Amino acid sequence: MEKPAFSFGDQSVAAAYDDILVPILFEPWAARLVDEFRPWNGLCVLDLATGTGIVAAELAKHVGPEGKVIGADINAEMLSLARHRCTGARSPVEFIESPAHPLAIPDESVDVVVCQQGFQFFPDKSAAAEEMARVLRKRGKVILATWRPVAECEFFGKVCEALESIDEAELTHSMRVPFDFMPESELSQHFEATGFQGVRITQERLPFTVDGGMRHALEAAYSTPIGPRLRGLPEETQLGFRETLTTLLANLSSDGTTMGRMVSNVLCADAPS
C-alpha cells in the first residue's frame, strides 16, 4: 500500500493541532530537544517544518539578542499561528513560507538546522538533506527528531488499534504515517550520503501525559490530521471507535493521565566539510 497523504493544510486541523496536541505532546519534546543541545546563545537557527512555532518559541528563549531564529514551513495556516505564538519573543524570530526543498534561504547563512517531527513528511528527503547542507555555515550542525514506530509510541498505537477495530484500514494507515515510514537506518543514510559528518542517532523517551484524562485523550485523537475524516464517519462508527479507544487507554494508563510513552529517534550531524 502506498503511503497516504497526511495533510496539515486545513485551518481547522492547524487550530486543533495547536490547541490540543501542541501543549501535551510537542511542547514537552521541544523543551527537551532545545535543552539537550544547549548552548544556543548568539546562533542563527533554522527551525525547519516549524509548524505552529513551538520549537521556534523555545529557541527564542535561548539564542539571545545576538542570535536569531528562522521558522520555515510550507503551510500558511500553521505559520499564521506560529507568528502569533512568537509575538513579543525575547530574540529575533522570522517566519518564511518555504518547502524543505528548495529552501528560500541563502547559502551558508545559519549555524544550526533543527527539525522536530517534520523530516518524515518531506517528499524528497535526500533533496531536503542537501538543502540543509547548503544553508549551513562551516562547523554548523543539523538536529532532527522523528518518531519511532507507532507500536513504541503507545497512545497512537492504541489509536491505530481502535481504528482497526472499526475496519478503517485507510485511516489506520494514515495514522501510521508519522511513525512507520522513517526507519533509523534510512534516516542516517540520507545525511551520510549528503556528506554530513559524525552522523549519530539516539533514542529519547518521554511519557505522554494528558492532564484532562480520558476526555482530553479522545480530543487528542480527533486533533490529528485524520480528525476531519474521523468526524465524517457515521456517528455509530465513531461511537465504536471511542468506546474501543477508551478501553485500550484505560488498560494502558495506571493513573488516568499518563497514556504510555512516546519514543523518538534524534539525529545530530555536523555539516559537510
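The values are calculated or read from the model by the stated rules, or taken from the named source; none is laboratory data. If you're wondering where the values come from, they're calculated on a predicted model, not measured in any experiment. Using ideal geometry, Cβ is built from the backbone for each residue, glycine included, and neighbour counts are taken over all protein chains shown. Remember, those area values only see protein heavy atoms, side chains included, never the ligands or the DNA or RNA. Shrake-Rupley method; radii C 1.70, N 1.55, O 1.52, S 1.80 Å.
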* **Sites Ala15 and Asp255 - FRET efficiency at Förster radius 30 Å, r taken between beta-carbons, to 0.05** => 0.55
* With every protein chain present, what is the per residue accessible area of the stretch 40-180 (1.4 Å probe, Å²)? -> 38 Å²
* Asked: Per the Kirkwood formula on distinct C-alpha pairs, the Rh of the chain is how many angstrom?
  -> 19.1 Å
* **Taking all pairs of distinct alpha-carbon atoms in the stretch 33-78, Kirkwood radius in angstrom** => 10.7 Å
* To do: At 4 °C and 1.567 mPa s, grab the translational diffusion coefficient of the stretch 83-128 from Stokes-Einstein with a Kirkwood Rh over Cα pairs, rounded to a whole number in µm² per second.
  => 102 µm²/s
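Considering only the chain, what is the antiparallel percent among its DSSP beta bridges, to the nearest 5?
45 percent
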* Dipole of the chain, Cα-centred, from +1 at each Lys and Arg C-beta and -1 at each Asp and Glu C-beta, to the nearest 20 debye? -> 820 debye
* Asked: Where q = 0.12, 0.16, 0.20, 0.25 Å⁻¹, what log10 of I(q)/I(0) comes from the Debye formula for the stretch 101-168, counting one point per Cα?
  -> -0.47, -0.65, -0.81, -1.07
* Structure fact -> On the formula 1/(1 + (r/R0)^6), with r taken between the Cβ atoms of Ser109 and Ala31 and R0 of 22 Å, the FRET efficiency rounded to 0.05 is 0.25
* To do: Under 18 Å Cα to Cα from Lys61, which aspartates and glutamates show up? Leave out anything in the same chain fewer than 8 places away.
  => Glu27, Asp35, Glu36, Asp47, Glu94, Asp111
* Asked: Just the Cα atoms of the stretch 140-273, one point each, no solvent: what log10 I(q)/I(0) does Debye give at q = 0.14, 0.16, 0.22 Å⁻¹?
  -> -0.69, -0.82, -1.23
* Asked: Dividing the alpha-carbon radius of gyration of the stretch 11-54 by 2.2 N^0.38 Å (N being the number of residues), what value is obtained?
  -> 1.33
* Based on the Cβ-Cβ distance of Arg205 and Glu161, what FRET efficiency does E = 1/(1 + (r/R0)^6) give at R0 = 22 Å, to the nearest 0.05? -> 0.60
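Using only alpha carbons, build the gyration tensor for the stretch 100-216 and give me the equivalent ellipsoid semi-axes, biggest first, whole Å.
32, 16, 13
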* Structure fact -> Phi-derived 3J(HN,Hα) across the stretch 166-183 with the Karplus relation (6.51, -1.76, 1.60, θ = phi - 60°), rounded Hz, x for Gly and Pro, is 9, 6, 9, 5, 5, 5, 4, 4, 4, 5, 7, 4, x, 10, 9, 10, 9, x
* Any idea what log10 I(q)/I(0) is at q = 0.10, 0.13, 0.15 Å⁻¹ for the stretch 24-145, Debye with uniform C-alpha scatterers and no solvent? -> -0.25, -0.43, -0.58
* To do: Could you sort 207-216, 165-174 so that the peptide with the highest average Cβ count within 10 Å comes first and the rest follow in order?
  => 165-174, 207-216
* Stretch gain in nm, segment Glu97-Ala193, where the contour uses 0.36 nm per residue and the Cα spacing is subtracted -> 31.8 nm
* **the stretch 45-117 - Rg over Rh from alpha carbon coordinates, Kirkwood radius** => 0.93
* Residues in the stretch 90-109 reached by a label modelled at Asn41 [backbone nitrogen below 20 Å; 7 Å Cα→Cβ] -> 90-93
